[in-house]
Amino acid sequence: MTKSATPQDQRALVDRLMTACGGSYSPETRRKYFISGPQWAAAYQGQALFHAPTRQVVSATEVIRQFAEIGIGYWTTHDTDVIPTEALMTGRQAEIVAGIKEALKSNGLQCSMVTCETFYHPVWAASPAAESPEIRAYGATRLRNTVRIGHELGAQFLVYWPGTLGYLLQGVIDETQTLKWYAEGINAACEEDLAVAAQAKTQTLRHCLEAKPFEPQAEIILPTSDAMLNFINSGLLKHPDMVGLNPEYLHELMWGGAPRAALARALVAGKLWHFDVNDGYRLKHDVDIAVGLVNPLDWLNVLMLLRSHGYNGPFNFDYKPPRTTSNYGVFRVSFPSAIDRFITLWEMAGEALEDPIIKEATEALKAGAGVAASNDAQQIFEANKEILTLHELIAHRLVQILLGLHRGRKIFARGEKA
C-alpha cells in the first residue's frame, strides 16, 4: 500500500516523479526555440464560469523569474495583466513598465508580444466597436497606448482578440457597421505604431488578429482565421500590410475545422506571423489544455507543415494549467512538461520530413504513374489506383514515428518474450 504523502512531503514527491518521467530538456536547450510564455497563462488562478480560483496570485516579476529558470526566453502579456485599468495612461503605468523592463533584463528574457485587453472590463460589454462613440474612442486610445507599451518593452508583435465583437441577441447590432468601427480601432493602432517607430527610428510592430469561433459572445463576427484574412483584405484597413494573423490551435479546432488546414491558408496568404499553441477538443468550449496532451498526432502533422514551409515566428504557450495543478506545479510540472513535449514533437516533425520511407512515398505520389496524358478518366484511375495506397502507408509511418515503432520498439504482453 502506498504511503500517504503529507503536505510537507508532496513537493518532494512531485519533483521525484517528474524527474522519473525523464525526457526533459535543459533550460539552455529550451531557449534555442522561439517559445514565449504568457503572463496570463502562468498567473491563471483556475477560475472559470462555474469554478472558484484554486491558486494564489502570482506577480509578473515572479512569473518572469520562474520562466528564466525553466528556460523560456520570451514573455508576453495583456496590458491589464500587469497594469490595473485605472492606472493605464498614468504615471503609475510608467513605473510598472519600468519595473517589468528591469525584471526582464535581470532575468535574461525579452518581451516578444503585447496585447490589449478589450474583453474583460465592463466597458467592453458591447465590444470595443460598440455603437457608443465614447466607447470606441476609449478603445482606440487603449490600443494606441498598448502600441506604446509594446515599443517601450521592445516587443515585436501586437495581438488583437475581438472575442466580444458580436452579439448575444439577434438584430441588435449592424454587423457591417461594427466591422467598419473595429477597423477604425486597428487603423488607429497602426497609425500610432508608424508615428512611434518613426520618432524612435525603430521597426514597427507586427499587428496580428486572433480569431475564435465562439465565447464569450453567442455569435462572433470574425470567428475564424479565414474570416480574419477576408477582413484584412476587405479594404477597411489603411495598412493591411501591417496586419497578419495569430491563429490559435484550439480556436481553429473548436468549430470542427482542421488547424493544419487553417495554418496552410495563412501561409499561402503570407499572413502567418504568430501562433498560439495549446490543445483541446472539437466542438467544445475553450479548455486551453497544454500542447500535445490531447492530439499529439495532429500536432506532429501541424509542426511538419510549419517546418516544411519555414515558419520562424513565435510559439506562444497560450494554455491554462489545470485547476488541480498547484502554484508550485505550474512551474515545476506544467510549463516544463508542455515545452518538452513541444520540442520533442518539433524535432520528430523534422525527423518525419527526412524519413526515407515517407520521402519515397511522397515523391512517388507526386511522380504519378508516368503514363501518357489521356482524357480517359477510367484509364487514369487504373494507372494510379495502386500508388494511392501510399496515403495510408504514410499515415501509418507517422504513427510509427510518434510511438517510436520506427526504431524497432515493440510492446509485448506480460510474460511474452521479445
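The values are calculated or read from the model by the stated rules, or taken from the named source; none is laboratory data. These figures come from a predicted structure and were not determined experimentally. When we count neighbours, we look across all protein chains shown, and the Cβ atoms used for this are built from the backbone with ideal geometry, even at glycine.
For (1) assigned to a loop (DSSP other than H, G, I, E, B); (2) closer than 18 Å to residue 18 by Cβ; (3) among the polar types (S, T, N, Q); (4) touching a helix residue (DSSP H, G or I) at 6+ places or on another chain (Cβ under 7 Å), each residue gets a yes or a no:
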{"site": "284", "(1), (2), (3), (4)": "yes, no, no, yes"}
{"site": "291", "(1), (2), (3), (4)": "yes, yes, no, yes"}
{"site": "303", "(1), (2), (3), (4)": "no, no, no, yes"}
{"site": "313", "(1), (2), (3), (4)": "yes, no, no, no"}
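Of the residues making up region 163-174, those that are under 27 Å from the mean Cα position of the chain (by Cα) and not polar (S, T, N, Q) number 5. Evaluated against (1) β-branched (Val, Ile, Thr); (2) over 16 Å from residue 212 (Cβ atoms); (3) crowded, with 18+ Cβ neighbours inside 10 Å, residue 277 falls short on exactly one condition, (2). For residue 14, the stated conditions hold: it is more than 29 Å from residue 307 (Cα to Cα), touching a Gly at 6+ places or on another chain (Cβ under 9 Å), buried (at least 17 other Cβ atoms within 10 Å of the Cβ) and of a type outside the set (Gly, Ala, Ser). Of 276, 226, 288, which residue is assigned by TED's automatic domain parsing to the domain that holds residue 44 and in contact with a strand residue (DSSP E or B) (Cβ under 7 Å, 6 or more places away or on another chain)? On inspection, the qualifying residue turns out to be 276. Scanning region 90-125 for residues that are in a helix (DSSP H, G or I), over 23 Å from residue 246 (Cβ atoms) and either not assigned by TED's automatic domain parsing to the domain that holds residue 49 or not aliphatic (A, V, I, L, M) (or both) yields 91, 92, 93, 95, 99, 101, 102, 105, 106, 107, 122. May I ask you to verify whether residue 329 is in a loop (DSSP other than H, G, I, E, B), out of contact with any Cys (no Cβ under 7 Å at 6 or more places or on another chain) and crowded, with 17+ Cβ neighbours inside 10 Å? Judged against the criteria, residue 329 is not a match.
Among the residues making up region 126-174, a single one is in a strand (DSSP E or B), buried (at least 21 other Cβ atoms within 10 Å of the Cβ) and of a type in the set (Ser, Thr, Tyr): 160.
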